[in-house]
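See structure below.
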Amino acid sequence: MKNYRLYLIRHGITQGNLDGIYMGSGTDQPLCAEGVQRLEALKGQYRYPDVNTVFSSPMQRAIETAEILFPFAKDKIILEDLRETDFGEFEGQKMTDLLEDEAFKRWMDPTQHFTPNGGERAEDFHQRCRHVLMGMLEYMMKAGVEKAACVTHGGVIMSMLAQCGLPQRSPQECMADPGCGYEVQCSAQMWMRDNAVEPVAIVPYGYL
């Protein structure tokens, strides 16, 4: 049975990441100099898969990461649904400045099902992440693409794997460092029957 392999990779570091601010789909920062340097260092020390197809979030930080890690990929596809969630009123704010904010406390409590003003509902975000993951795999199967990379955001990867990864894991167990992520595999049968993927390795190879 043929397995299709998709490499889910988190974008590199931005200045907002270094400053500890919430950066969702409402903050379109490029990589900072340190972010570029770290990606180049990862490429020099470890091995990334060789792919011709790369899916990417439309955010600058993801597109630039894809260009650095996969410069020779011929088929680069921007997917709007790979963007990070919209943090609404918390977008661009530092976590340390929000710790005593009552709305922020409600947002941090998953039992509250709270959506910040102007933000994306968690249910909509998770549905979007699940749908775009299955959509990428469908594209690969129809196009005969056996392996492809996906450069997106940490929250998107966590959502995808917490929902669709086998064995099932918590979102916290699916975190990825900048420039790193997971190789997942999926057969046509898994895709049709289970809407599931199997994480099989850390990317880049040798990182952990």
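The value for the range 142-183 of Rg(Cα) / (2.2 N^0.38 Å) is 1.25. Using a probe of 1.4 Å, the accessible surface attributed to Lys2 totals some 100 Å² when neighbouring protein chains are kept in position.
When the P(r) is computed for the range 91-144, the part past 13 Å accounts for 69% of the Cα-Cα pairs.
Around the Cα centre of the range 102-146, unit charges on the Cβ atoms of Lys, Arg, Asp and Glu (plus for the first two, minus for the last two) sum to a dipole of about 40 debye. Overall dimensions of the range 1-89, expressed as equivalent-ellipsoid semi-axes from the Cα gyration tensor (√(5λ), whole Å, largest first), are 23, 18, 11. Per-residue ellipticity at 222 nm from helix content only, as computed over the chain with -39500 (n - 2.57) for each DSSP H run of at least four residues, stands at -11000 deg cm²/dmol.
Relative to the longest principal axis of the Cα atoms of the chain, the long axis of helix 122-143 makes an angle of roughly 20 degrees.
Ligands, DNA and RNA are left out, and with a 1.4 angstrom probe the accessible area of the chain is 50 Å² per residue. For the chain, the relative contact order works out to 32 percent when only alpha carbon pairs closer than 8 Å and six or more residues apart are counted. Accessible surface of the range 63-208, 1.4 Å probe: 52 percent of it comes from carbon and sulfur atoms.
Thr65 contributes an accessible area of around 0 Å² to the protein surface, as traced by a 1.4 Å probe with all chains present. Decide, for the range 68-117, between rounded, prolate and oblate: order the square roots of the alpha carbon gyration tensor eigenvalues as a ≥ b ≥ c, take rounded if a/c falls under 1.5, and otherwise choose prolate if a/b is larger than b/c, else oblate. In terms of gyration-tensor shape, prolate. For the range 90-208, just run the numbers: alpha carbon Rg, then divide by 2.2 N^0.38 Å, N being how many residues it has. Computed over Cα atoms of the range 90-208, the ratio equals 1.21. Residues Leu137, Leu99, sorted by accessible area with the largest first, give Leu99, Leu137 [1.4 Å probe; ligands and nucleic acids excluded].
A dipole drawn for the chain from +1 and -1 charges on Cβ atoms has a positive end, and of Ala73, Val132, Ile63 the residue lying farthest that way is Ala73.
Given 4 °C and 1.567 mPa s, how large is the Stokes-Einstein diffusion coefficient of the range 28-134 in µm²/s, with Rh as the Kirkwood radius over Cα pairs? Reported coefficient: 80 µm²/s.
If you average the alpha carbon positions of the range 170-203 and of the range 54-132, how far apart do those two centres end up, in angstrom? A separation of 18 Å, based on Cα centres.
The dipole here belongs to the chain: it is taken about the Cα centre, uses +1 on the Cβ of Lys and Arg and -1 on the Cβ of Asp and Glu, and is about 900 debye.
Ranked by the mean number of other Cβ atoms within 10 Å per residue, highest first, peptides 159-165, 171-177 order as 159-165, 171-177.
Among residues other than Thr14 with Cβ under 11 Å from its Cβ, the summed charge is -3 (Lys and Arg +1, Asp and Glu -1).
Ranked from largest to smallest solvent-accessible area, with a 1.4 Å probe on the protein heavy atoms, Lys142, Lys147 come out as Lys142, Lys147. Accessible area ranking (1.4 Å probe, heavy atoms, ligands and nucleic acids excluded), largest first, for Ile13, Ile202: Ile202, Ile13.
Under the simplified labelling scheme, the Ile77-Asn117 pair shows an inter-label distance of 3.9 nm, with each label point 7 Å from Cα along Cα→Cβ. Calculation over all alpha carbon pairs of the chain in 5 angstrom steps from 0 returns a P(r) of 1, 7, 15, 20, 20, 16, 11, 6, 2, 1, 0 percent.
The values are calculated or read from the model by the stated rules, or taken from the named source; none is laboratory data. None of the values given here were measured: they were computed from a predicted structure. Here Cβ is always computed from backbone atoms with ideal geometry, including for glycine, and neighbour counts include all displayed protein chains. These accessible areas exclude ligands, DNA and RNA; they are computed on the full protein's heavy atoms, side chains included. Shrake-Rupley method; radii C 1.70, N 1.55, O 1.52, S 1.80 Å.
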